[in-house]
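I have placed the structure first, in the form of structure tokens, so that the comments after it can refer back to it.
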């Protein structure tokens with residue numbers, strides 16, 4: 001369930017992953033490899049809280065990666081058939 005802090009909505013890591021359709025390990029790897037930016041805000045336990053704009057950015061990056069991956073699969077299939 002999203003949190004509202006100072007009028008802004010934040011999402012926990014599991015919520016973000018579920019919304020964009022990736023696993024937590026994928027998100028953490030992307031953060032570690034600087035593919036996406038880490039959350040700006042953390043709660044008092046140190047858990048990441050993603051703002052709405054961070055969620056949208058992650059969604060866009062996920063779609064871009066999935067699109068590229070789908071294109072690679074088509075090329076690989078063509079190579080096998082030829």
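The values are calculated or read from the model by the stated rules, or taken from the named source; none is laboratory data. Treat the numbers as computed from the prediction; the structure is a model and nothing was measured. Because the Cβ atoms are built from the backbone with ideal geometry, glycine has one as well, and the counts that use them run over all protein chains shown.
Here are the criteria: (1) surrounded by 13 or more Cβ atoms within 10 Å (Cβ to Cβ); (2) assigned to a helix (DSSP H, G or I). Tell me which single one residue 38 does not satisfy.
For residue 38, the exception is condition (2).
This table checks each residue for (1) modelled with pLDDT of 95 or more; (2) more than 16 Å from residue 10 (Cβ to Cβ); (3) in a helix (DSSP H, G or I).
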| site | (1), (2), (3) |
| --- | --- |
| 49 | yes, no, no |
| 57 | no, no, yes |
| 69 | no, yes, yes |
| 78 | no, yes, yes |
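Is it true that some residue in segment 22-34 is touching a strand residue (DSSP E or B) at 6+ places or on another chain (Cβ under 9 Å), part of a loop (DSSP other than H, G, I, E, B) and at pLDDT 95 or above?
No, there is no match, as no residue in segment 22-34 is touching a strand residue (DSSP E or B) at 6+ places or on another chain (Cβ under 9 Å), part of a loop (DSSP other than H, G, I, E, B) and at pLDDT 95 or above.
Any chance you could count how many residues in segment 9-21 are part of a strand (DSSP E or B) and loosely packed, with under 13 Cβ neighbours inside 10 Å? Walk me through it before giving the result.
Quick first cut of segment 9-21, residues part of a strand (DSSP E or B) only: 9-12.
So of that shortlist, the ones also loosely packed, with under 13 Cβ neighbours inside 10 Å come out as none.
Qualifying residue count, segment 9-21: 0.
I need every pair where a residue in segment 43-56 that is closer than 15 Å to residue 4 by Cβ has its Cβ under 7 Å from the Cβ of a residue that is assigned to a loop (DSSP other than H, G, I, E, B) and modelled with pLDDT of 95 or more, sequence separation at least 6 or different chains.
49/39; 50/39
Can you give me the number of residues within segment 8-37 that are in contact with a helix residue (DSSP H, G or I) (Cβ under 8 Å, 6 or more places away or on another chain) and without any contact (Cβ under 8 Å) to a residue 40 or more places away in the chain?
11
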